[in-house]
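Notes follow the structure.
The values are calculated or read from the model by the stated rules, or taken from the named source; none is laboratory data. Treat the numbers as computed from the prediction; the structure is a model and nothing was measured. Glycine also receives a Cβ, built like all others from the backbone with ideal geometry; neighbour counts cover every protein chain displayed. Protein only, heavy atoms only, side chains kept; ligands, DNA and RNA dropped before computing areas. Shrake-Rupley method; radii C 1.70, N 1.55, O 1.52, S 1.80 Å.
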Amino acid sequence: MPWESVIPNVLAGDAESLACHAPVAEMDNEAFAGFYERSARSLWAYLARVSCDPALADDLMQESYVRFLCASFSDDGEVAARRYLFRIATNLLRDHWRRPRSPSIDEIPEEFLAGNVSSAQADSQAMLGPALAQMRPRDRQLLWLAYAEGYSHREIAEVTGLASASIRLLLFRARRKMAALLRQHPSNKARRP
């Protein structure tokens, strides 16, 4: 998805469409386009895995970039900007979970598997998806940030707002829960003697 379709009129100067006046470190079109291309896929994957809802991930990703562009943020480099973007997305996800839910018939989960996946990858993804869906959102979030994004404990603490000292224990518990869920998967039970 090109960035122009995600953030309409943001960089064209349409301040009324955003109600913001202080863009991030005065990022120009080309700088934002490059940042978007380098960060959009991983941000969407993070939101989709943590929320278990690709449509929600689309919405939150778009809102994250809009808020990122509207934020007053000092230019500390791309790594800091990326962490800040993930922090915005995390806060939006929390806000979504806090809102009262109304049941919808459209809440049928979509598959995350791509068409060109080897059978070994498909097997591991088929086991991982249901296990992740059974975990608490915070555990999914911690596992994704640590292993898919490769963030350090300190960086995870910055993104999630949790205490840096507690990240190690929370990750340990999330890994242990994941291992237990994977051991319970029917394909693993069939392999045992």
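Phi angles of region 150-167 translate, via the Karplus equation with coefficients 6.51, -1.76, 1.60 and θ = phi - 60°, into HN-Hα couplings of x, 6, 6, 4, 5, 5, 4, 4, 5, 6, 8, x, 7, 5, 4, 5, 8, 4 Hz per residue; Gly and Pro are given as x. Figure note: M178, M27 ranked by solvent-accessible area, largest first, 1.4 Å probe, ligands and nucleic acids not counted: M27, M178. When the solvent-accessible area of region 34-98 is split by element, carbon and sulfur atoms take up 46 percent of it, the probe being 1.4 Å.
With a cut-off of 11 Å on the backbone N, the residues of region 156-177 near the modelled label site 7 Å out from D76 along Cα-Cβ are 158-159. Taken one residue at a time, the phi angles of region 170-179 give Karplus couplings (6.51, -1.76, 1.60, θ = phi - 60°) of 5, 5, 4, 5, 5, 5, 5, 5, 4, 4 Hz. Gly and Pro are set to x. Using a simple spin-label model with pseudo-atoms 7 Å out from Cα toward Cβ, Y147 and S164 lie 2.5 nm apart.
Phi angles of region 43-51 translate, via the Karplus equation with coefficients 6.51, -1.76, 1.60 and θ = phi - 60°, into HN-Hα couplings of 5, 5, 4, 4, 5, 5, 6, 6, 8 Hz per residue; Gly and Pro are given as x.
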